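What follows is one structure encoded as structure tokens, with my remarks underneath.
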Amino acid sequence: ATGFPIGTCLASTWNTDLVRKVGEAIGKETLEYGCDVVLGPGMNLHRNPLCGRNFEYYSEDPILTGLIGTAFVQGVQSQGVGVSVKHFAMNNSENYRFMGNSVASENTVRNLYLKPFEYIVKHAHPATLMCAYNQINGVYCSENKWLLTDVLRKEWGFDGVVMTDWGAVHDRAAGIKAGLDLEMPGD
């Protein structure tokens with residue numbers, strides 16, 4: 001496999017045409033390996049310098065992250081390969097990522113943390129979104145009706161598959177009721 005630049009390096013170019021071409025190349029390679037979906041891009045923001053996944057996320061800025069992520073998704077999906085935009089949402093720390101509770105006002109959630117996801121859903125129409133392990137204001141993302149149905153599907157018009165990260169389901173029935181389509185293996 002080709003060693004492409006990490007997300008942070010791609011975003012630091014501010015070059016959506018270049019990122020789209022990288023996405024196209026990754027889409028072509030994915031097809032050569034017989035795969036149908038790329039598990040990415042990671043759209044979370046750099047909010048904690050200790051986050052072990054900052055390298056794969058694009059930036060601390062929601063607008064730049066949305067623009068770069070959209071170009072990447074458009075490039076990959078132009079090759080007939082789907083993407084799984086992750087980790088929806090507010091997965092900005094590796095510490096306690098399986099049980100953490102991201103607490104913020106609705107205004108902060110929408111205008112900072114959800115903004116790049118909203119942009120990518122509306123402009124690139126990703127095949128899937130992968131919900132995160134953490135809770136948002138006390139409700140796990142995989143069980144969060146406000147997040148998965150009210151915002152993602154009804155407000156933004158997402159019509160793809162909502163899947164979990166591996167082992168992210170705590171209550172299957174609550175997840176289904178909230179709008180979860182696919183539970184990946186784990187617990």
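The values are calculated or read from the model by the stated rules, or taken from the named source; none is laboratory data. Note that the structure is a prediction, hence the values are computed from the model and not measured. When we count neighbours, we look across all protein chains shown, and the Cβ atoms used for this are built from the backbone with ideal geometry, even at glycine. The accessibility values were calculated without ligands, DNA or RNA, using every heavy atom of the protein model including side chains. Shrake-Rupley method; radii C 1.70, N 1.55, O 1.52, S 1.80 Å.
Identify, from the list Gly138, Gly167, Gly157, the residue that is modelled with pLDDT under 95, out of contact with any Phe, Trp or Tyr (no Cβ under 6 Å at 6 or more places or on another chain) and not hydrophobic (A, V, I, L, M, F, W, C).
Just a single option satisfies the conditions, and that option is Gly167.
Would you be able to say whether some residue in region 74-94 is closer than 25 Å to Gly27 by Cα, open to solvent by 60 Å² or more (accessible area, probe 1.4 Å), of a type outside the set (Lys, Arg) and touching an Asp or Glu at 6+ places or on another chain (Cβ under 8 Å)?
Among the residues of region 74-94, at least one is closer than 25 Å to Gly27 by Cα, open to solvent by 60 Å² or more (accessible area, probe 1.4 Å), of a type outside the set (Lys, Arg) and touching an Asp or Glu at 6+ places or on another chain (Cβ under 8 Å), which makes the answer yes.
Determine, yes or no, whether Arg97 is open to solvent by 30 Å² or more (accessible area, probe 1.4 Å) and of a type in the set (Lys, Arg).
Considered against the rule, which asks whether it is open to solvent by 30 Å² or more (accessible area, probe 1.4 Å) and of a type in the set (Lys, Arg), Arg97 comes out as no.
Of Phe98, Phe117, which residue is under 15 Å from the mean Cα position of the chain (by Cα), of a type outside the set (S, T, N, Q) and either on the phi < 0 side of the Ramachandran plot or not in a loop (DSSP other than H, G, I, E, B) (or both)?
Phe117
Assess whether Leu152 counts as being crowded, with 18+ Cβ neighbours inside 10 Å and assigned to a helix (DSSP H, G or I).
Yes: the conditions hold for Leu152.
Return the pair list, or none, for Cβ contacts closer than 9 Å from residues in region 130-158 that are more than 13 Å from Glu106 (Cβ to Cβ) and among the basic types (Lys, Arg) to residues that are at pLDDT 95 or above and open to solvent by 40 Å² or more (accessible area, probe 1.4 Å), at least 6 apart or on different chains.
Filtered contacts from region 130-158: Lys145/Val139; Lys145/Lys177; Arg153/Asp159.
Tell me which of these Trp14 doesn't satisfy, since it passes every other one: (1) touching a residue at least 40 places away in the same chain (Cβ under 8 Å); (2) assigned to a helix (DSSP H, G or I).
Going through the list (1) touching a residue at least 40 places away in the same chain (Cβ under 8 Å); (2) assigned to a helix (DSSP H, G or I), Trp14 breaks only (2).
Would you check which residues across region 156-175 are over 17 Å from the mean Cα position of the chain (by Cα) and surrounded by 14 or more Cβ atoms within 10 Å (Cβ to Cβ) and list them?
His170, Ala174, Gly175
Starting from region 49-60, keep only residues that are free of Cβ contacts under 8 Å to residues at least 24 places away in the same chain and exposed (fewer than 12 other Cβ atoms within 10 Å of the Cβ), then list their pairs with residues that are outside any loop (DSSP other than H, G, I, E, B) and among the small types (Gly, Ala, Ser) whose Cβ atoms are within a distance under 9 Å, requiring at least 6 positions of separation or different chains.
none
Among the residues that make up region 93-107, is at least one of them closer than 22 Å to Leu182 by Cβ and either at pLDDT 95 or above or of a type in the set (Val, Ile, Thr) (or both)?
No, there is no match, as no residue in region 93-107 is closer than 22 Å to Leu182 by Cβ and either at pLDDT 95 or above or of a type in the set (Val, Ile, Thr) (or both).
State whether one or more residues within region 139-147 are in contact with a helix residue (DSSP H, G or I) (Cβ under 6 Å, 6 or more places away or on another chain), among the charged types (D, E, K, R) and under 23 Å from Asn48 (Cα atoms).
Checked against the condition, which is being in contact with a helix residue (DSSP H, G or I) (Cβ under 6 Å, 6 or more places away or on another chain), among the charged types (D, E, K, R) and under 23 Å from Asn48 (Cα atoms), region 139-147 yields no hits at all.
Does region 121-131 contain any residue that is farther than 20 Å from Leu67 by Cβ and in contact with a Gly (Cβ under 8 Å, 6 or more places away or on another chain)?
Yes, the conditions are met somewhere in region 121-131.
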